Each structure stands twice: as structure tokens, then as C-alpha cells.
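This report refers to the structure that appears directly beneath it.
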Amino acid sequence: MSRALLVGTRKGLFVVRDGEVDGPLLPGWSIYHAVRDPGSDTLYAASNNFVYGATVHRSSDLGRTWERAEEIRLPEGSDLKLNATWHVEPGPDALWLGGDPGVLHRSTDGGVTFEPVVSLVEHPTRDRWQPGAGGMCCHSFQIADGRLYAAISAAGAFRSDDGGETWTPINQGVAADFFPDNPFPEVGQCVHKLLAHPARDGRLWQQNHCGVYRSDDHGDTWERLEGNGLPSGFGFPIALDPTDPDVAWVVPEEGAENRVTADGRLGVYRTDDGGASWTLEEDGLPAPAWLAVMREGMSFDDDGVYLGMQSGSVFVRSRDGRWTEVAENLPPILSVEVADWQ
Amino acid sequence: MILLPSLLAAEAGGRGRFETDAATIAEALRALPVASLLLDERGELRPLVNVYVDGVDVRERDGLDTRLQGSEEIRVLAAIAGG
């Protein structure tokens, strides 16, 4: 078994493997996220086209042929319509799909059909949600410790302890500085990416519009982590080390009004103490540079961290801390996901 | 005859031409394997999808209710948007 990077771009999906680039697969589609289901070995892509709409493609032959999901609908009678598909997450019993406008779908037939998670569509706080710059996207979905976590920009993070029947806002301690009259609301936070650590029960990380945060109680409370080595609390992706719950990487940007990597470099910052301090990693990364990494632009596994940029380059961080460029001149990169490949 | 652009043809299993004996444009489009890419979930033509019947934009006729006789050339095109 070898490793491949599924690189979603504005102009199709690319597979980077052993120094070779294969693609574009699904030409003409913007791939917001792609993943390989380790259970079925099926590839899934959250694919969008500005003319033809939003869908999910699937391939059972490593991308040689693709099939498209049946129309992905919202509940009957809803005045919402699907604007984009953002994140596909295989789970033990279903394939989950996060989308815009702040919606979640579930497939129990391998991505042929998707049913909306009505409890989130009809969440009682929805009238207080608002779209961020990327739309009102459900971009993060995690399954950990028997719980479900969904994060929506700009609605905040939500947890379900009952398989998706109900959703509890988990935003206590997370700032919404763009609401100066109420900077710590129940919902409305602009979470940019949320991850659950696969090995530490209850530990969540999030990169937010207003800071980097860690929770050790399944999201009931959050601790803000920047101001201790990070040049900025603003950024989009976050990556973890599956073998060490205290390790994380972020890519700070100048700020909401100037969305470019901080300090004129591609600076990846690493913490190994749960966010108490952060250290710049620069070995192998370009400088000076003014770049952008999208919220799905980082991935990780036991072997390393993987980073794709809007400029079309892909970097891999080996365990020794050195970053190496493994692909360049791709279309603007929207997502990177590492996958076993055979 | 319905003619599809290349991306839609790829989504239709490599077929870019479809015969139809539908009575209306709506009926003709709904029968295509790419119907959900042309029509939104309310059944309306997506804003940037253009459909021409013998060279005339259906939006200048009766839209999806435009009647067909059976011999027309129906051409689906993505609207030119941007540069």
C-alpha cells in the first residue's frame, strides 16, 4: 500500500503519488474536497460547477470512471436550495456531506442518494446564522468518541450526541469579534476549520476567523491559543498529529482584510504543547511569499503533513520537519487529502 | 435532437446527442441523464444554462413550456459569464 494525495482544484481533481501527477480527473468541476473511503475504497469528490450546480461524484476504480449522485435535495417545503457541496466524510454507517447553506446530508447507499439531516436544516438558531465570505458552508464534519461534530461558517460549531437527531451549539469561549455588541454569542461564530483528535477523547481544535482554539471537553468550552508565537490568529486550515494530541499546525494569514500568509512568507506554525506556544517552520518553504491556503488545503497522517496552495504547489512535511515541494503549477488548490493507494 | 456540450456529455456517459419525442422542453430535459445539472431542485432552468430551439433561446419563447414538434434541434449551452 502506498500513499497518494487527492488534490482538489478549481479545474478538476489531481492525484499526486510517487512524484507523479495524474489528472485532471473530473475536468470542468471545482473539487472542494475529495476523499477515499478506507472501508469501500471508493473515491468521493464534492464537486461544483458554476453553471451546473453542486453534486458528489464517486469512483470505484481509482478515478478512471465516475458516477454522479442523484439530485441532492433539501427537505420538502424548505425555501433553501443547495448552493455547494463542501466536505465528504466517510463514517462507519454512512457517508456524510457538508454543504452550503449550512446543511448536512447523509448517504447510506454509498453516495448514490443523499438525505438531508433535517435537524440541522431546521435548527432553532438558524435565523442567527449568516454566510461568511465563502458562503454559509458546512465545511467540517467529524466523527469521534461516538459523537458527531459539524462546523459552519458563520454559524459556529455543533455537536450531536444522538447520531444527528439533535445538535447542540458548542461555541462557549469562542469569539465573534465582528459582533462588538455581543462578541460571545451562542451561535454565529465564524469557524474556519474544526478537527477532532483521533486518539484523545474530547480534544478538538479549531482555526477560527477570530483565533485558534482547543477544547478538551468535546467542545463544551474552548481556550484561545494565539498571542504566544503566532503572528496572527486568522487563518483557515489546521492539521494534527494522530500520534500526539498536543501537536498541531496552522498557517496564519495577515487578517480578515488582507487574506495572505503573514509576514510575507509561507509560514507554517507548529505547537507541541497543546497550543501554549507556537514555532515557525520554514525549512523548505518559500520566502518571501504572499500565498493562501484554503480551509481544506491541509491533510495529515502518521507520516506527515500535506499542504496545497492557491498558487498550485503542494508541499509535504516529513517527520524530521522538512517541507518538500512535490507538485507545482496545478490550478488553484482548494483541498488536499491523503489516502492509501494501491 | 438534443445536443449537449462536452462536460454534460461526459456526465451522460460520453453521449452528446439524444433523440427526443417530448412535447415540451421541460419534458425533454427531464428525460436526460443530466437533468439535475440543467434544472434546479425547484425544476427551473439553472440561471446560466441556456437552451436554444432551432437557434432561438427558449427564454424568449415559453421557457420550459416551449412546445416541440419533434424535428427541432435543441442545443444546450453554458451561458457566457465573465471574460
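Values quoted throughout were computed directly from the atomic coordinates according to the rules given, and no laboratory measurement underlies them. Here the structure is a predicted model, which is why all the values come from computation and not from measurement. Glycine also receives a Cβ, built like all others from the backbone with ideal geometry; neighbour counts cover every protein chain displayed.
A few comments on the model shown:
- Peptide B:34-44, shielding by other chains (average Cβ, 10 Å cutoff): 4
- Farthest towards the positive end of the charge dipole of the protein assembly as shown, among the residues B:Gln69, B:Gly16, A:Tyr306, is the Cα of B:Gln69, using unit charges on the Cβ of Lys, Arg, Asp and Glu.
- Translational diffusion coefficient (Stokes-Einstein; Kirkwood radius from C-alpha pairs) of the protein assembly as shown at 37 °C, 0.692 mPa s, in µm²/s: 147 µm²/s
- Cα gyration tensor shape for chain B, rounded if a/c is under 1.5, else prolate or oblate: rounded
- Three-way shape call for region A:169-235 based on the alpha-carbon gyration tensor, with the a/c threshold at 1.5: oblate
- With N as its number of residues, region A:75-141 has a Cα radius of gyration that, divided by 2.2 N^0.38 Å, comes to 1.08.
- Counting Cβ atoms of other protein chains within 10 Å of each Cβ in A:45-54 and taking the mean gives 5.
- 222 nm mean residue ellipticity, helices alone, for chain A (DSSP H n ≥ 4; -39,500 (n - 2.57); rounded to 500): 0 deg cm²/dmol
- Only one residue of A:Pro180, A:Ser215, A:Ala262 has its Cα farthest out toward the positive end of the dipole of region A:179-266, where Lys and Arg carry +1 and Asp and Glu -1 on Cβ, and that residue is A:Ala262.
- Ordered by the count of other Cβ atoms within 10 Å of each Cβ, fewest first, A:Arg270, A:Arg319, A:Arg73 give A:Arg319, A:Arg73, A:Arg270.
- Anisotropy class of region A:137-194 from Cα gyration tensor, a/c 1.5 cut: prolate
- About the centre of its Cα atoms, region B:36-83 shows a dipole size close to 100 debye [charges on the beta carbon of Lys, Arg (+1) and Asp, Glu (-1) only; nearest 20 debye].
- Positive-end extreme of charge dipole, the protein assembly as shown - chosen from B:Val58, A:Leu104, A:Ala239 (charges on Cβ): B:Val58
- The value of relative contact order for region A:209-342, using C-alpha pairs under 8 Å at least six residues apart, is 18 percent.
- Sorting A:Ile152, A:Ile143, B:Ile80 by the number of Cβ atoms found within 10 Å of their own Cβ, with the fewest placed first, yields B:Ile80, A:Ile143, A:Ile152.
- Relative contact order, percent, region B:8-54 [alpha-carbon distance under 8 Å, six or more residues apart]: 23 percent
- Evaluated with a Cβ-only charge set (Lys, Arg +1; Asp, Glu -1), region A:249-315 carries a dipole of roughly 280 debye about its Cα centre, given to the nearest 20.
- With Rh defined as the Kirkwood radius, the inverse of the mean 1/r over Cα pairs, the Rg/Rh of region A:200-264 is 0.99.
- Magnitude of the charge dipole for chain A, about its Cα centre and with charges confined to Cβ atoms of Lys, Arg (+1) and Asp, Glu (-1), is about 780 debye.
- As a length-normalised measure over Cα pairs under 8 Å and 6 or more apart, the relative contact order of chain A settles at 13 percent.
- Sorting the segments A:216-225, A:51-60 by their residues' average number of neighbouring beta-carbon atoms within 10 angstrom, most packed first, yields A:51-60, A:216-225.
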